[in-house]
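Take a look at the structure set out below.
The values are calculated or read from the model by the stated rules, or taken from the named source; none is laboratory data. From a predicted model like this one, the values you see are computed outputs, not experimental measurements. Here the Cβ positions follow ideal geometry from the backbone for every residue, glycine too, while neighbour counts run over all protein chains shown.
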Amino acid sequence: MARQLVLDLPFRAAMGRADFFVSAANAAAVAGIDGWRDWPGAKMLLVGPEGSGKTHLAHVYAAQAGARIIGPTDLAGIDPATAAEAPALAVEDADRIARDVAAQEALFHLHNAAAGRGTPLLLTARGPARHWGLTLPDLQSRMEQAGQLRLEAPDDALLTAVLVKLAADRQMTLTPALLAFTLPRIDRSLAFAQRFVAALDAEALAAKARPGTRHVRAVLERLAA
């Protein structure tokens, strides 16, 4: 069968609270996000490995609290006082600013402005602040004072739900039989699940067929290589 040329078109991921599946691996973090009004000092650090759901939960928080989301590369260009006037703030991938002195100074001033106004502040990172490699001692101490929520490695229930969600985001259906075939064969990480579903979607589109076990095998072999 002739394979179809697949265009790398963007897709919109569902980022609502109802789209986030809660399991034992993330229930504590979800409860902490839902309880943002009660954060000690009005700030919280959400940590977890790549692709574990930090961005999704940051958007859930933003929807609940009316937060402005700021990326690490945007920090140096913001006015902290103006930004702190938002109902709430979220800084994603805060651990990625370790080599950017201007971004560190901006986050320091943003933190202080938010604290002065009582503006809730969420920061996401791959690990605790002591591992970020910050070079600004005052920022280091303030980040280490934040409460911490952790997203754990996915269990079977969470990984299954994520595969279904990622496929649905791409308007692709994974049958129970295909999920049962796939689950024991993929790496146990949500980052890998993202790469797998994207590759499976492209494989099925190229073959002009619904995803099946032969597509899963082909994708896993290609990703392993």
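Any idea which of Ala191, Ala180 is part of a helix (DSSP H, G or I), more than 21 Å from Pro49 (Cβ to Cβ) and among the hydrophobic types (A, V, I, L, M, F, W, C)?
Only one candidate qualifies: Ala180.
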*asked:* If I ask for residues that are surrounded by 16 or more Cβ atoms within 10 Å (Cβ to Cβ) and not charged (D, E, K, R), which ones from segment 94-111 would you list?
replied: Ala94, Ile97, Ala98, Ala103, Gln104, Ala106, Leu107, Phe108, His109, Leu110, His111
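Has segment 53-63 got at least one residue that is farther than 30 Å from Ala193 by Cβ and either touching a residue at least 24 places away in the same chain (Cβ under 8 Å) or in a loop (DSSP other than H, G, I, E, B) (or both)? So that I can check it myself, show each step before the final result.
Here is the first cut: in segment 53-63, the residues farther than 30 Å from Ala193 by Cβ are none.
No, the conditions are met nowhere in segment 53-63.
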*Using the structure shown, decide if Thr173 is closer than 14 Å to Arg217 by Cα, of a type outside the set (D, E, K, R) and either assigned to a helix (DSSP H, G or I) or modelled with pLDDT under 95 (or both).*
no
*asked:* If a residue must be over 21 Å from Thr124 (Cβ atoms) and either of a type outside the set (Val, Ile, Thr) or not in a helix (DSSP H, G or I) (or both), how many such residues does segment 156-170 contain?
replied: 6
*Is segment 55-63 home to any residue that is hydrophobic (A, V, I, L, M, F, W, C), at pLDDT 90 or above, touching a Leu at 6+ places or on another chain (Cβ under 8 Å) and buried (at least 17 other Cβ atoms within 10 Å of the Cβ)?*
yes
*asked:* Name the residue that is surrounded by the fewest Cβ atoms within 10 Å (Cβ to Cβ), counting only residues in segment 162-197 that are small (Gly, Ala, Ser) and in contact (Cβ under 8 Å) with a residue 24 or more places away in the chain.
replied: Ala191
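With among the hydrophobic types (A, V, I, L, M, F, W, C) and modelled with pLDDT of 95 or more as the only criterion, which of Leu136, Leu158, Leu190, Leu166 stands out?
Values: Leu158 fails: modelled with pLDDT of 95 or more; Leu190 fails: modelled with pLDDT of 95 or more; Leu166 fails: modelled with pLDDT of 95 or more.
Going through Leu136, Leu158, Leu190, Leu166 in turn, the sole match is Leu136.
For segment 37-67, enumerate the residues that are of a type in the set (Val, Ile, Thr) and more than 8 Å from the chain's Cα centre (by Cα). Spell out how you get there, then give the answer.
Looking only at segment 37-67, we keep the residues that are of a type in the set (Val, Ile, Thr), and these are 47, 55, 60.
Result: Val47, Val60.
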*How many of the residues making up segment 81-133 are closer than 24 Å to Gln64 by Cα and among the basic types (Lys, Arg)?*
2
